[in-house]
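Scroll down for the structure; my scribbles are underneath it.
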Amino acid sequence: MTHTLHRLGSLETLEKDFVVMAMTAKGFNEEGSIPKLREYFEIILKHKPVNYGEVMAGSRSIASVSQIMDSFNISSVPHGVFTTPKQVEDVLKDLKKADLGLSIVVSGVLSEVEKCCRNAGLRPHTLEHSLGIWGKKEKLPQTKILEITNMCGHSMISPRLAEREIGEVSSKKKKPEEAVEVLTRCCRCSIFNPERAVVLVKEMVGEKSSAE
Amino acid sequence: MIIDESKCVGCEACIDYCPVGAISIQGEWAAIDRDACVECGVCYREIDCPGEAFVWEELSWPRVIRRVFSDPTLIKKDTKVTGRGTEEMKTNDVTGRFKAGQVGLGIELGRPSVGASFRDVEKMSSVLAKAGVKLEEKNPLTKLINQNTGEIDRDILDERVLSAILEFVAPLDGLRGILKTILSAADELETVFSLDLIYLNEEATKSKAMEILAEVGISPSLAGKTNVGLGRPLAEEGAP
């Protein structure tokens, strides 16, 4: 389960892409965890994530906050997606104060997350790096498409759908935000960053326009 | 997944949604290529199909394995975890699964967006078995693999999934050799894999791991995952 790892792209866009998640350790602390998961989620919402949700109910694109919170069970891994280190720092400060005992993981540029932890009075416990993509790379979709679709680590966003939606933007049938919303809905875990996707779509359309 | 032809209106709205390109128009109606379909459920859940033509069929062995590894909404009965792997580093502050002087490795075959057959998985698991790797018992994939040989149940070799993760813990001293083993198998695969490395945030382990990656010619990503250490009880404080 490395769904929030392996995000691709330039440092410039990755620096505006953070996912916060909470999880219980099965066999250790899952009993009585549902109210804690709800309290965690309220903290996430307080800091205005650009996407949020949980795999069973889906993301904010398809489910209300109450539907998402009502779906929580001991296996739930609720997520919030943020675009600034300050938001992450404030979330971590609130989570430290709440002392829920849930394991909290932040995905993002590691040096930035370390600063957020330090400012929140936390010391990172365990780290994970992506070591890249290997094997038959000629089978991969084009890199720019992958930067968008791979924000859903379960590959629920079809590269063909991304191409279609970008084509709609390119031909002025849709705004970038409308096209990105179609993609956001497909990511059930809600870890897709729609703001970053809009930036990437605009870049792609701009590149196409200038090439023409 | 099947499409009920009597309900399909042939609007073609569904075709681009399939992550593996398994939906096409055959004649007047949409149809699913069953060899390519990985039973992930995107078409059923996300498409606003005007005829509500997508139908979950009851899957039997071995086809059911496609859904187990491709549909992230399923909770695995034995581990109580959704997704394709385990809790891995996400709960390491509580479980203590990865310790100082150790690294965790994950090889996610098929990711991103290519998909994999279990023949691909077996190529990698066989190489790992020869290298003496013991795979993580809690990972559902491990249950399908003979840990001594890396062989996978013959019934499922041709089944396809969006991705499947081989996970294990290795001593830091063995990281160089393991990485070389993994990369040497890469050219034999008909798919891609995403590789990851986990370690405790402890200076000696971190600096040694980075030194080995540089020697092997791997640049670790700038973005990654950080377990911030808020889980309780902390493994160091008495959790088993």
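Take residues that are without any contact (Cβ under 8 Å) to a residue 40 or more places away in the chain and tell me which of the helices (runs of 4 or more DSSP H) falling wholly in region B:63-167 contain 2 or more. Write out each step before concluding.
Numbers: elements: B:64-70, B:92-95, B:118-130.
Qualifying helices (runs of 4 or more DSSP H): B:64-70, B:118-130.
Among the residues of region B:115-139, those that are crowded, with 24+ Cβ neighbours inside 10 Å and at the interface with chain A (Cβ under 10 Å from one of its Cβ atoms) comprise B:G115, B:A116, B:D120, B:M124, B:N139. Quick one: count up the residues across region A:1-14 that are out of contact with any Leu (no Cβ under 8 Å at 6 or more places or on another chain) and over 12 Å from A:N193 (Cα atoms). Adding up the residues that qualify gives 7. Number of residues in region A:43-62 that are in a loop (DSSP other than H, G, I, E, B) and modelled with pLDDT under 95: the value is 6. Scanning region A:1-41 for residues that are touching a Pro at 6+ places or on another chain (Cβ under 8 Å) and under 19 Å from B:T73 (Cβ atoms) yields a total of 5. Applying the set (1) at pLDDT below 95; (2) away from chain A (no Cβ under 14 Å); (3) touching a helix residue (DSSP H, G or I) at 6+ places or on another chain (Cβ under 7 Å) to B:E46 leaves exactly one unmet item: (2).
Can you list the helices (runs of 4 or more DSSP H) found entirely within region A:90-175 that contain at least 1 residues being under 20 Å from the mean Cα position of the chain (by Cα) and among the hydroxyl-bearing types (S, T, Y)? Spell out how you get there, then give the answer.
Values: elements: A:110-119, A:143-149, A:159-170.
The helices (runs of 4 or more DSSP H) meeting that bar are A:110-119, A:143-149.
Of the conditions (1) at pLDDT 95 or above; (2) more than 7 Å from chain A (Cβ to nearest Cβ), B:E202 fails just one. Which one is it? Every listed condition holds for B:E202 apart from (1).
Just so you know, in region A:147-162 the residues that are in contact (Cβ under 8 Å) with a residue 60 or more places away in the chain and facing another protein chain (nearest Cβ under 7 Å) include one that is surrounded by the fewest Cβ atoms within 10 Å (Cβ to Cβ), and it is A:N150. The set of residues from region A:66-125 being without any contact (Cβ under 8 Å) to a residue 60 or more places away in the chain, surrounded by 23 or more Cβ atoms within 10 Å (Cβ to Cβ), facing another protein chain (nearest Cβ under 9 Å) and over 25 Å from B:L222 (Cβ atoms) comprises just one member, A:S76.
State yes or no: is A:K144 within 7 Å of chain B (Cβ to nearest Cβ), out of contact with any Phe, Trp or Tyr (no Cβ under 6 Å at 6 or more places or on another chain), surrounded by fewer than 20 Cβ atoms within 10 Å (Cβ to Cβ) and not hydrophobic (A, V, I, L, M, F, W, C)? Considered against the rule, which asks whether it is within 7 Å of chain B (Cβ to nearest Cβ), out of contact with any Phe, Trp or Tyr (no Cβ under 6 Å at 6 or more places or on another chain), surrounded by fewer than 20 Cβ atoms within 10 Å (Cβ to Cβ) and not hydrophobic (A, V, I, L, M, F, W, C), A:K144 comes out as no.
Every condition in (1) within 12 Å of chain B (Cβ to nearest Cβ); (2) touching a Gly at 6+ places or on another chain (Cβ under 7 Å); (3) more than 13 Å from A:V20 (Cα to Cα) holds for A:R60 except the one numbered (1). Of all residues in region A:1-42, those satisfying the criterion of being surrounded by fewer than 20 Cβ atoms within 10 Å (Cβ to Cβ), free of Cβ contacts under 8 Å to residues at least 60 places away in the same chain and not in a loop (DSSP other than H, G, I, E, B) are A:E12, A:I34, A:P35, A:R38, A:E42.
Checking the stated criteria, B:S184 turns out not to satisfy the condition of being surrounded by 21 or more Cβ atoms within 10 Å (Cβ to Cβ), among the polar types (S, T, N, Q) and not in a loop (DSSP other than H, G, I, E, B). On the stretch given as region B:175-199, residues that are closer than 23 Å to A:H125 by Cβ, more than 8 Å from every other protein chain (Cβ to nearest Cβ) and of a type outside the set (A, V, I, L, M, F, W, C) total 0. Here A:S190 passes the criteria (1) in a helix (DSSP H, G or I); (2) of a type in the set (S, T, Y); (3) more than 11 Å from chain B (Cβ to nearest Cβ) except the one numbered (1).
Within 11 Å of chain A (Cβ to nearest Cβ) and either at pLDDT 95 or above or crowded, with 19+ Cβ neighbours inside 10 Å (or both): is that true of B:L109 in this structure? Yes, satisfied. Within region B:49-75, the set of residues being hydrophobic (A, V, I, L, M, F, W, C), at the interface with another protein chain (Cβ under 10 Å from one of its Cβ atoms) and out of contact with any helix residue (DSSP H, G or I) (no Cβ under 9 Å at 6 or more places or on another chain) comprises just one member, B:I75. Report yes if B:V38 is crowded, with 22+ Cβ neighbours inside 10 Å and either modelled with pLDDT of 95 or more or in contact with a helix residue (DSSP H, G or I) (Cβ under 7 Å, 6 or more places away or on another chain) (or both), otherwise no. For B:V38, the condition - crowded, with 22+ Cβ neighbours inside 10 Å and either modelled with pLDDT of 95 or more or in contact with a helix residue (DSSP H, G or I) (Cβ under 7 Å, 6 or more places away or on another chain) (or both) - is met.
The values are calculated or read from the model by the stated rules, or taken from the named source; none is laboratory data. Since the model is a prediction, treat every value here as computed from it, not as a measurement. Note that each Cβ is placed from the backbone with ideal geometry, even for glycine, and that neighbours are counted across all protein chains shown.
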